[in-house]
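Okay, so here's the structure we're looking at.
The values are calculated or read from the model by the stated rules, or taken from the named source; none is laboratory data. Just so it is clear, the structure is predicted and the values come from calculations on it, not from any experiment. Heads up, the Cβs are rebuilt from the backbone with ideal geometry, glycines too, and the neighbour counts pull from every protein chain shown. SASA here: full protein model, heavy atoms, side chains in, ligands and nucleic acids out. Shrake-Rupley method; radii C 1.70, N 1.55, O 1.52, S 1.80 Å.
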Amino acid sequence: MKQALILCALGVLPVIAVAESREDWRTSGPWQIIVDPAVGRGCLMETVMADGTKVRVGVLPQEDGGYIAALNRDWTGIEPNKSGIARFDFGRDLFEGETRSVIEGDWRGGSAFFNNPEFLENFEQGRALTIAGSGGIQFEISLTGTRRAVAEVLKCQEEQDRQVAE
Amino acid sequence: MRRGAIWAGAVVLLLLVVLPWLVLESAMFSKLRRDLVSRALSEELKIPVIIDGDVSVSLSRRLRFSVVDAHIPSTTMPDRITASLGAAQFSVPLAALLEGRFPIQDLVVRDLDAEAYRDSAGRTSWTQTGGLFTATGDNGKPKSNLLRVFYDKRIDIQNIRLKLINDQSGFDFLFDLQAFLLDYTGSDNPVTLTSHGAMNGQPFEVTGDFPRGADFSIAAMFGRQQLDISGAPYRDGVTDGFGADITLTSPDLQGFLDLVALKGDVEGSGRLSFALDHRPGVIELDRIDLGARTGAGRSLMVRGRAGNLLTLDGIDLATDLRLVEDAATIPPAQRLRDIRVLRVTADILGSRGQFELAAIDAHTNAFDTELDQIGPARVGKLFRAEDGRLELTGIRLQSGDPADPFLVAEGQILDLLALKAFRFEGQLNGHADMIFPDISPEDLDELGRVQASFALSDESGVVALERLVAESTPSDLWRFRGQARVADLTRFRGASLAADMSVTGAGAVLQVLGLPDSDIGTVALELGAEAEGSDITMFLGLDVDGTTARLDLSHLETARKNILRGALFSPAIDLDGLLGLIRSGVDMAKANRQDSHAREQPSLMQDRRVPKPLIVAPDGRAIKPLVVQLDPGRTMLLRVLRRLDLEFGIKVDHLTGNDTFSGIDSRVVMNRGKLSAGPLTARVAGAHVTLGATSDVILDPGTLHVDGTMSGLSLSRVLRLLRIDMDASGKIGGSFGVALDLGRDVPLLRRTTGWARFDMKNGEIATSLIDLAGLGVFPWLFSGRAGRGRAPIACLVAPVTVNNGTFSSNQVVLETDAVQVILKGKINIPANQIALRGEPRPATRPLARSAFPFEVTGKLTKPDVSIVRAGGESREKRGVRTVVQNHQPCRVYQLDPQ
């Protein structure tokens, strides 16, 4: 089942939709599960960490993959339409991939596409994730409750897929 | 005397002054002057010059001729005039004239109309030899006089209209020149050429230097197109001709098309350069380098050489046509209509006017293909039509063995630049070795060929396969006929296909192919299909010995779904024959696969495995990528499965050749990856089994859930299977629900988990041991059952769980008319182990202490049965004498908990 997130998707970089078009689905611990019509009714999980960093992980139903995005109001140095490299350290495994800058009102940050099932496994099973970008930003997020939240995202996505197909 | 002298003087004066004046200028001698000058010019220029107006001559160190209204008629076409001029002046040195020569110098012309005309048959209005541009050499062969004409003349022409009309190629060039000046200032100085005006309505300007025997250069601008020529005549005294480097730069390809009056719609730029070697009978182009790029991101590169342009010999051009700017940005095609050609590379080889396309690589966004050599090809005519289209007609193309080509096609493209208005008709001639590469030549003859004719055109406005008719050549072994048409090939609309094939001696065909023989007799196949884009309906009819079947399929594509409906109907299928046919098909496929495997050179760069990183993090961990390359085949399959909405019915009235299925009336349904199939009624081990199956082929493709019911399983057969040698009667029924793990490579039973429930009523078993064990020795002896040697079975209820080959139960109840036996334990079939405990009791006193509780342990095939003396459960301690009123057979009684 955990591969469903990977298998549900395709493409290169996510287009992050503006917040008002999203629909709340339900919550799972600190994570809000949301449906994003802008990416073909893809489900995502989102939370704001204690340090003010908004973290979002979502499905891209039209793509063969998903995305992870992190935004913070303090990251004012991030410019639009920039690409870079980021590393994702789960302690057990280390990942690296391309990122693209994202600006949503006051929020600035980056987003990375993934389709490696191991990344999602780490995200579900890990305790903490340290993210470092080529722009010099480094921060750690807690992965408490991610296993349940990812399961909810998959459930949400299955529901959306069913609606889309019908 | 003095008077005579005066007269004599007058006569001399008349002879010396007046007479020459009269001859040179007076109207009286006008005709004489015209004839003399006309003849002299005709001899000098080697073409007839006719003077219609007057000629006057002024005398100095040179004679200066003034001619009004002259023309040069065509010597080959009497109704055409090669040139006409309004007025001309030129000089001839007196000394040369006295020597009988008439070399023209310092030519000044006003209002010149010139025309060079070639008719559609190739005849020209000018002579091919002699004249201004070509001269006859000492050896009688033509030699180039093209440059010689520029070396020793000063020519000043104003108001020129030069028409080059070629009805053979369709290209017309109209030069409207305000001035043309060829300036010759002495034998050591270069002749300079300057001219300006318009060509085909576009501004035209040319400058050039022609030093005698030295390097020359020409720079011309045609609108925005720039032509640079720098060259030199051959000075070795042997070769007659010149070599030149020529570069044509076009910053505006549309402007170039306008210049040559061709209809086209192209934005872009291009550059062509080559080294020209011009000798009598030879125009050789070397170092050809053409690069053109359009605004739409398409590009064409051509590099190579042409040994002789006149005979089209020695052509060797490497072409690279890119149809998209960046192929990496084009997504892989998911549907037929999404397939786009991205890039084509080919080597064009030409010899004696025939072309071959060798080493063709075509890259699309769905597949890459390396075509076998196409060619030789011949082009009849390249022609510019009156409306500006560039036509290519008389194309003849073939492919395959030159002596026995696989493809021969003839056709034309009436708008070459737009690749439109084309028609090709041809024949295909296929051999069996196209399908079976290793077949021997003798066997090849036996199987014959498939010949087809086709017509491909876009006359309807879209590319259409108007006709494809194929038929096998007469053979005793098989026959094939088929026809197809597609109204719109690019969108696959309006397609229809009909084919029928019969193999008279399928076994013999297999022998010919070197495959295992089979008993298959005549096989007949019939196929029909209609397609409108992705919406397809088709049927397939099959007639093998004893088997007739018809398969109907329809496919409808909507925005979100691919709806596939199908039905297989057969009044009778002989499974043996069908399996034989399938085996033959598999053998053929294997033979082909082995062959293709043998030929393939696997490329490491195309290996789908995820490579491990060369670079690892400083702490030694490998850095894993966020994005991995997914198996494109699986990705494509998942896309297809997600969209697929399938309903498929199967109805086979009589299925012979097997003991399991007598007929099938079943459906397969799949929607969003959820597959369900059933019911399937089968006869297994004498029992009737009705099955249904479901699977989630996207999320859990490795698991097949099977549930169903069973009836009529003979108890005696079960005992025989358990190797219990005992007569019995009664039929067992039941239901089950199991999941099969399809991914593991172990026997089916070990991949099965789930449940089953068996029950039976009114049977009999040929032993009274059950009654003995339940009643105890004395009650049994006095019950009258001791001598029966059998026991009727009132009921059996056996709920069982199945886990990878182990059947286990907590409560199997078997009841005779006197005894209830409760069994618990497990049977592990893969491990051949049994561990059962049974507690028989009187049926009317089910709470009584069991007289002979027993255990069956050890190997399933050779179990140990033992009586457990100390047996008994807690209920027995408190309910020894309890008699149950209105006992329900197979009901298990429990005491209420204390």
Checklist outcome for this item: When (1) buried (at least 18 other Cβ atoms within 10 Å of the Cβ); (2) at pLDDT below 85 are applied to B:LEU417, the one that fails is (1)
Checklist entry - In the stretch B:110-128, which residues are of a type in the set (Ser, Thr, Tyr) and surrounded by 15 or more Cβ atoms within 10 Å (Cβ to Cβ)? => result B:TYR117, B:THR124, B:SER125, B:THR127
Checklist outcome for this item: Checked the stretch B:539-572 for anything hydroxyl-bearing (Ser, Thr, Tyr) and touching a helix residue (DSSP H, G or I) at 6+ places or on another chain (Cβ under 6 Å); matches are B:THR547
Next on the checklist: Is it the case, given these coordinates, that B:ALA306 is surrounded by 18 or more Cβ atoms within 10 Å (Cβ to Cβ), of a type in the set (A, V, I, L, M), more than 30 Å from B:ARG340 (Cα to Cα) and touching a strand residue (DSSP E or B) at 6+ places or on another chain (Cβ under 6 Å)?
Outcome noted: yes
Checklist entry - Cβ-Cβ below 7 Å, separation at least six or inter-chain, first residue in the stretch B:190-202 and farther than 12 Å from B:ASP258 by Cβ, second open to solvent by 50 Å² or more (accessible area, probe 1.4 Å) and not in a strand (DSSP E or B): which pairs? => result B:VAL191/B:TYR184
Checklist outcome for this item: Within the stretch B:59-96, residues being open to solvent by 60 Å² or more (accessible area, probe 1.4 Å) and either assigned to a strand (DSSP E or B) or more than 24 Å from B:VAL191 (Cα to Cα) (or both) number 12
Checklist entry - Somewhere in the stretch A:127-139, is a residue open to solvent by less than 20 Å² (accessible area, probe 1.4 Å), at the interface with another protein chain (Cβ under 10 Å from one of its Cβ atoms) and part of a strand (DSSP E or B)? => result no
Next on the checklist: Among the listed residues A:GLU121, A:GLU96, identify the single one that is touching a residue at least 60 places away in the same chain (Cβ under 8 Å), touching a Lys or Arg at 6+ places or on another chain (Cβ under 9 Å), acidic (Asp, Glu) and outside any loop (DSSP other than H, G, I, E, B).
Outcome noted: A:GLU121
Item to check | Selected residue [within 14 Å of another protein chain (Cβ to nearest Cβ) and open to solvent by 80 Å² or more (accessible area, probe 1.4 Å)] from A:ARG148, A:ARG92 | outcome: A:ARG92
Next on the checklist: For the stretch A:62-83: of the residues being part of a strand (DSSP E or B) and of a type outside the set (Gly, Ala, Ser), which is farthest from the other protein chains (Cβ to nearest Cβ)?
Outcome noted: A:ASN72
Item to check | Counted residues, the stretch B:547-561 - those being free of Cβ contacts under 8 Å to residues at least 24 places away in the same chain, aliphatic (A, V, I, L, M) and within 30 Å of B:GLY657 (Cα to Cα) | outcome: 2
Checklist entry - Considering the stretch B:692-708 alone, what residues qualify as being open to solvent by 50 Å² or more (accessible area, probe 1.4 Å) and more than 14 Å from every other protein chain (Cβ to nearest Cβ)? => result B:THR694, B:HIS705, B:ASP707
Checklist entry - Which ones in the stretch B:721-764 are in a helix (DSSP H, G or I), open to solvent by 70 Å² or more (accessible area, probe 1.4 Å) and basic (Lys, Arg)? => result B:ARG750
Checklist entry - Given the conditions (1) under 60 Å from the mean Cα position of the chain (by Cα); (2) under 22 Å from B:THR816 (Cα atoms), which single one is not true for B:LEU740? => result (2)
Checklist entry - If you check B:ASP209, B:ASP236, which single one turns out to be in a loop (DSSP other than H, G, I, E, B), over 35 Å from the mean Cα position of the chain (by Cα), farther than 30 Å from B:LEU417 by Cβ and not small (Gly, Ala, Ser)? => result B:ASP236
Checklist outcome for this item: Exactly one of B:PHE852, B:PHE807 is hydrophobic (A, V, I, L, M, F, W, C), part of a strand (DSSP E or B) and surrounded by 16 or more Cβ atoms within 10 Å (Cβ to Cβ), and that one is B:PHE807
Item to check | Subset of the stretch A:104-123 [surrounded by 16 or more Cβ atoms within 10 Å (Cβ to Cβ) and either farther than 26 Å from A:GLN62 by Cα or away from chain B (no Cβ under 14 Å) (or both)] | outcome: A:TRP107, A:ARG108, A:GLY109
Checklist outcome for this item: Out of (1) surrounded by 20 or more Cβ atoms within 10 Å (Cβ to Cβ); (2) within 9 Å of chain B (Cβ to nearest Cβ); (3) under 21 Å from A:TRP25 (Cβ atoms), the one A:ALA86 does not meet is (3)
Item to check | Matching residues, the stretch B:560-578, being within 14 Å of chain A (Cβ to nearest Cβ) and surrounded by fewer than 18 Cβ atoms within 10 Å (Cβ to Cβ) | outcome: B:ARG560, B:LYS561, B:ILE563
